Amino acid sequence: MKKLSVLCAGMCAVLALASCGTSKESAYKKAFEKAQQQEQAPVAQEPVVTPLETTTPSESTNTEVDNATVRQENVDLIMGSGLSNYSVVVGSFSLKANAEGLANTLKSAGYEAQIVFNSARNMYRVVASTFADKSGAVKSRNQLRAGKYPDAWLLLKK
């Protein structure tokens, strides 16, 4: 009798453990297949909704210029003809060689690229264009953002 109860308990344990292993395996397999499907499926982008504005175009461009974010940094000119008050920065690098590579790319695209160095942050900034007024710099930055450089930003020389 004792042998029979031990044998039954052993069989129950084997069945319980065997059923747990297959469910885990199938759960991992399902998760893996789902991940593969998500990688292969095209990414749907949400539509961009722009608010309606009741202002005239000249007012909106002035507001855009006035509200444009400008970073003020103390920089030294490394390569180029010189900076005006406002500059459009398209890249920041800790290595000078990387900055030179982007500057050469910009020059071949027709920009007067310059390299400046921010010693406080130990960063080389690649300037695509430089302007005396903020409105010209904002227009240039927006054109660069619409093209290859979506992270372009404005620099005000100290």
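The values are calculated or read from the model by the stated rules, or taken from the named source; none is laboratory data. If you're wondering where the values come from, they're calculated on a predicted model, not measured in any experiment. Backbone-built Cβ (ideal geometry, glycine too); neighbour counts: all protein chains shown. In case anyone asks, the SASA skips ligands and DNA or RNA and just uses the protein heavy atoms, side chains included. Shrake-Rupley method; radii C 1.70, N 1.55, O 1.52, S 1.80 Å.
For the pairs K107/K148; K107/K157; K96/K134, note any where the Cα-Cα span goes beyond 18 Å. Before the final figure, lay out the partial values.
On the way: K107/K148 14 Å; K107/K157 22 Å; K96/K134 28 Å.
Check vs 18 Å cut-off fails for K107/K157; K96/K134.
Please report, in debye to the nearest 20, how large the charge dipole of region 70-157 is about its Cα centre when each Lys and Arg carries +1 at its beta carbon and each Asp and Glu carries -1 there.
It comes to approximately 200 debye.
With all protein chains present and a 1.4 Å probe, how do R145, R125 order by accessible area, largest first?
R145, R125
Within region 107-133, what residues put their amide N at less than 17 Å from the label point 7 Å along the Cα-to-Cβ vector of M79?
From region 107-133, the list is 107-118, 123-130.
Could you tell me the accessible area of E33 in Å² (1.4 Å probe, neighbours in place), rounded to the nearest ten?
The accessible area comes out at roughly 80 Å².
What accessible area per residue comes out for region 70-157, rounded to a whole number of Å², with a 1.4 Å probe?
Heavy-atom SASA per residue in region 70-157 reads 52 Å².
Looking at region 70-157, I'd like the Rg to Rh ratio, where Rg is from alpha-carbon atoms and Rh is Kirkwood's inverse mean 1/r.
Rg/Rh for region 70-157 comes to 0.92.
May I ask you to rank R121, R71, R141 by accessible area, largest first, using a 1.4 Å probe over the protein chains only?
The ordering from most to least exposed comes out as R121, R71, R141.
Within region 70-157, what whole-number % of the accessible surface is contributed by carbon and sulfur, with the 1.4 Å probe and all protein chains included in the calculation?
45 percent
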